[in-house]
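The values are calculated or read from the model by the stated rules, or taken from the named source; none is laboratory data. As the structure is a prediction and not an experimental result, all values here were calculated from the model. We place every Cβ from the backbone using ideal geometry, glycine too, and count neighbours over all the protein chains shown.
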Amino acid sequence: MAKAWRGLRRGEKWVLGAVLFTGAIALAGSLASSWDLERRRRAIAEAVEEEKAALPERPRALVAAMDDVILETAALPYPGDLVDREIAPPRVRAALLASSALYVRAALPEVARLDALGAAVRRSDKDAFVLCLRRPPATDAGADVAAAATSAWIGGALFEDATHDVLPLHAVHAGLRPLSRAWADELASADGHLWVRRLEEEYEERRPLVLSLARTAASADVLVVVVDELPDGMAEPEVGRSLTATRRPAVLPRIEDAAHFVRVAVWSARMRRVVLRVRARVDVAPLRLENPAMVSAHVHACQAALALRGLSL
């Protein structure tokens, strides 16, 4: 090596030295950048763990469980129907379904991956499923189901009055998503300063009121997860990661009018586990309604709520 160096002309030595010096500077800069990235990730992770430890027991349990409950409900193959022994008596199940709740609903492809959950939860709001859960139809006859499903304008005053003790899960995500497993996975995968900065901002810029509301919401008695399977013959849509998924059209509005299978799971905060899970086909056609196209999405949601209560469709 020394002999080769001595054999170089002076100008060539200058060029080679400059190249080596530039390479060393670039390598040092890259290492410093990597170390800084890891330092920032570690600082956020430690702050998150401290915040988790300070949460009351019930909100902490909900935050720890919510991602896994959603993923399990959307799992392939379907995990199977479930009625926990403790809620097997009809009156006990009725009491459970009448308790304060968090609610999330999405199409199966939107919640089949951990990195897509954030976008799906942000899009989900209360609908006719919640209305029929709180004010079930008198019977499972078509006219009664349609009447219950359309008894209040979704989002209106009467609807909010009927469903006041049910909140969408995004009320929790708005303040406590950084404590979730999906967020931790995203932080661990963040391999660029801009990505880490976005996560830092999401964690640091949460407002006190949003945090307070999220902690209160996370104290609900149950989490209700509704996952709509794709109708027969529908091609699998492309679903992005949390960073990009909200830029794509939601899948649920494209399928809720069609006959399809729906999965519903209920997680109990007291028992710390899923206590109820059912899969049922929703289809407005057998109900022989007038103008079914006008109410099919609402009726399908109501049928799913009836399945949870154990009524036939």
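Structure notes:
- Given (1) in the same structural domain as MET66 (by TED's automatic domain parsing); (2) touching a helix residue (DSSP H, G or I) at 6+ places or on another chain (Cβ under 7 Å), number of the condition VAL145 does not satisfy: (1)
- Count - residues of segment 122-153 that are under 11 Å from the mean Cα position of the chain (by Cα) and modelled with pLDDT of 95 or more: 1
- Checking each residue of segment 275-292 against the condition of being under 26 Å from GLY155 (Cβ atoms), assigned to a strand (DSSP E or B) and touching a Phe, Trp or Tyr at 6+ places or on another chain (Cβ under 9 Å) gives at least one match.
- Selection count where residues are part of a helix (DSSP H, G or I), within 23 Å of GLU290 (Cβ to Cβ) and touching a residue at least 40 places away in the same chain (Cβ under 8 Å), scope segment 121-171: 10
- Listed conditions (1) assigned by TED's automatic domain parsing to the domain that holds ASP228; (2) outside any strand (DSSP E or B) are all met by VAL264, apart from (2).
- ALA88, sole failed condition from (1) at pLDDT below 95; (2) in contact with a helix residue (DSSP H, G or I) (Cβ under 9 Å, 6 or more places away or on another chain): (2)
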